[in-house]
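The values are calculated or read from the model by the stated rules, or taken from the named source; none is laboratory data. Owing to the predicted nature of the structure, the values given are computational and were not obtained by experimental measurement. Note that each Cβ is placed from the backbone with ideal geometry, even for glycine, and that neighbours are counted across all protein chains shown. Heads up: the accessible areas ignore ligands, DNA and RNA and are worked out on the full protein's heavy atoms, side chains in. Shrake-Rupley method; radii C 1.70, N 1.55, O 1.52, S 1.80 Å.
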Amino acid sequence: MLIELQGIHKTYDNGQPLHVLKGIDLSIDKGEFVSIMGASGSGKSTLLNILGILDNYDEGEYHIDGKLIKNLSEKEAAHYRNQMIGFVFQSFNLINFKTAIENVELPLFYQGVSRKERHDLAMHYLERFGLADWASHYPNEMSGGQKQRVAIAP
């Protein structure tokens, strides 16, 4: 399993305890697509924050590629987020003053990819998503679908 959660619990205590996640079990294999659905307030965002190593859980075990994800240093958490986890936000979170290719290059920069390789990889991704002709365009010049493809390209 690439991602495995067993008995995950999460409680928020802002004066009064709120038990949000109650024994969540989840397994995701490499290459598998998963949707998380539920009513407002059911814990979807909390679960996604835990999966994205943006929040901790109280009980249970969370493994990514066999590694226990619990009480990691910020450097270790950043490494796993960078190498193992991808986010697609509803608002796309593109940088408005950067072109499509620059937005795709940015995560590669943080991975330490050289400038030329970063540019070549970003162009490859844009081509795969049918956006090569939009490489020099800014987000405000693109449709919602184009922005979404730029956001998931890297």
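Here are the numbers:
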{"item": "Evaluated at q = 0.14, 0.19 Å⁻¹: base-10 log I(q)/I(0), Debye formula over Cα of the chain", "result": "-0.82, -1.16"}
{"item": "Whole-Hz couplings from phi, Karplus 6.51/-1.76/1.60, listed for region 73-86; x for Gly and Pro", "result": "5, 4, 5, 5, 4, 4, 4, 5, 4, 5, 9, 10, 10, x"}
{"item": "Pairwise label distance in nanometres, Ala132 with Lys67, each label 7 Å out on the Cα-Cβ vector", "result": "3.5"}
{"item": "Normalised contact order of the chain, rounded percent, pairs of Cα under 8 Å and 6 or more residues apart", "result": "20"}
{"item": "Sulfur and carbon atoms: percent of accessible area, the chain [1.4 Å]", "result": "49"}
{"item": "Lys/Arg +1, Asp/Glu -1 at C-beta; the chain dipole; positive extreme among Gly38, Ile8, Ile85", "result": "Ile85"}
{"item": "Solvent-accessible heavy-atom area per residue, rounded to whole Å², over the chain at 1.4 Å", "result": "65"}
{"item": "Alpha-carbon centroid distance for the pair region 1-77 / region 84-154, whole angstrom", "result": "27"}
{"item": "Residue with peak Gaussian network fluctuation, the chain [Cα springs, cutoff 10 Å], from Met123, Met37, Met142", "result": "Met37"}
{"item": "Acute angle (nearest 10 degrees) that the helix 115-128 long axis makes with the longest principal axis of the chain, alpha-carbon atoms", "result": "80"}
{"item": "Where labels lie 7 Å past Cα in the beta-carbon direction, separation of His79 and Met1 in nm", "result": "2.3"}
{"item": "With 10 Å bins from 0: P(r) over region 91-149, alpha-carbon pairs, percent", "result": "26, 57, 17, 0"}
{"item": "Inter-label distance for Asp29 and Asn56, nm, one decimal - labels placed 7 Å from Cα along Cα-to-Cβ", "result": "3.4"}
{"item": "All-pairs alpha carbon distance profile, region 37-76, 5 Å steps from 0, percent", "result": "6, 22, 29, 23, 12, 7, 3"}
{"item": "Nearest-20 debye value, region 25-154 charge dipole, Cβ charges on Lys, Arg, Asp, Glu", "result": "360"}
{"item": "Region 67-154, relative contact order in percent, only Cα pairs under 8 angstrom and at least six apart counted", "result": "38"}
{"item": "Net charge of Cβ neighbours under 14 Å - reference Ser143; Lys, Arg +1; Asp, Glu -1", "result": "0"}
{"item": "Coil-residue GluC sites (Glu not before Pro) of region 37-78, DSSP, other Cβ within 10 Å capped at 11", "result": "none"}
{"item": "All-pairs alpha carbon distance profile, region 1-92, 10 Å steps from 0, percent", "result": "15, 50, 32, 4, 0"}
